Amino acid sequence: RVLTMGRDLDDVDRSILYLLQEDARGTSAKAMSDTIGVSASTIRNRIDQLEDDGIIRGYHPEIDYEAANIPLQVTFIISAPPTELQDYSEQIRGIQGVIDVREMLTGQRNIHVHVVGTDTNEITQITDAIHDTGAKIESSEVMRQRHVQPFNHFFLQGTEDMDARDDAVDKDDNSATE
């Protein structure tokens, strides 16, 4: 995958992305238009354009694996030769139980792999399959909790949430004026 320059986003685009990150399934174009202050057709057109431009690449459920009786979540930190990073990444993505693979831009520990399993036997099978690719597992961590939030560069137009993009001191913090 080649890094390419994206396009600039305006306040409407950022507000749409913010609301979709908060609740993509439960947010209608009408509700978004009421919140953002533009028409529902503008919202639909902007979402279409964000999808066409590859900014929105999909809508995915957030799965609680523990509630689905898949209680173990492990992150493996792997070292692979930089020139073979994509090959290792592709092989690892084909292993049952792997749900997320991140290729790092720099560093020796350049692949982070998130896996899920019902028990230690499944995690051991995944570990063995990763070893079979020839990649070296440097470390592993069992995840307790994952927290996701909207990226604060995507703010909600016309609200105090816009301050998240500023370097300004919080309005409730008087220490800057004392």
Test set (1) modelled with pLDDT of 95 or more; (2) over 23 Å from Val148 (Cβ atoms); (3) in a helix (DSSP H, G or I); (4) within 21 Å of the chain's Cα centre (by Cα) - Ser41 fails condition number: (4)
Any hit, segment 56-64, residues being over 26 Å from Gly97 (Cβ atoms), in contact (Cβ under 8 Å) with a residue 40 or more places away in the chain and surrounded by 15 or more Cβ atoms within 10 Å (Cβ to Cβ): no
Leading residue by the ranking (nearest to Pro71 (Cα to Cα)) among those in segment 139-153 that are over 18 Å from the mean Cα position of the chain (by Cα) and open to solvent by less than 100 Å² (accessible area, probe 1.4 Å): Ser140
Count of segment 73-107 residues which are over 21 Å from the mean Cα position of the chain (by Cα) and open to solvent by less than 20 Å² (accessible area, probe 1.4 Å): 2
Check on Ile70, surrounded by 12 or more Cβ atoms within 10 Å (Cβ to Cβ) and either in contact with a helix residue (DSSP H, G or I) (Cβ under 6 Å, 6 or more places away or on another chain) or in a loop (DSSP other than H, G, I, E, B) (or both): yes
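I'd like to know if segment 74-84 contains one or more residues that are aromatic (Phe, Trp, Tyr) and either free of Cβ contacts under 8 Å to residues at least 60 places away in the same chain or part of a loop (DSSP other than H, G, I, E, B) (or both).
Let us first name the residues in segment 74-84 that are aromatic (Phe, Trp, Tyr), namely 76.
Filter again for either free of Cβ contacts under 8 Å to residues at least 60 places away in the same chain or part of a loop (DSSP other than H, G, I, E, B) (or both), leaving none.
Scanning segment 74-84 turns up no residue that is aromatic (Phe, Trp, Tyr) and either free of Cβ contacts under 8 Å to residues at least 60 places away in the same chain or part of a loop (DSSP other than H, G, I, E, B) (or both).
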Segment 85-138 - residue that is part of a strand (DSSP E or B) and either among the basic types (Lys, Arg) or farther than 24 Å from Tyr65 by Cβ (or both) and, of those, modelled with the highest pLDDT: Arg102
Residue in segment 18-28 that is open to solvent by less than 40 Å² (accessible area, probe 1.4 Å) and in contact with a helix residue (DSSP H, G or I) (Cβ under 6 Å, 6 or more places away or on another chain) present: yes
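The values are calculated or read from the model by the stated rules, or taken from the named source; none is laboratory data. None of these values were measured; they are calculated from a predicted model. Methodologically, a virtual Cβ is constructed for each residue, glycine included, from the backbone with ideal geometry; neighbour enumeration extends over all protein chains shown. What goes into the accessible areas is simple: the full protein's heavy atoms, side chains included, and nothing from ligands, DNA or RNA. Shrake-Rupley method; radii C 1.70, N 1.55, O 1.52, S 1.80 Å.
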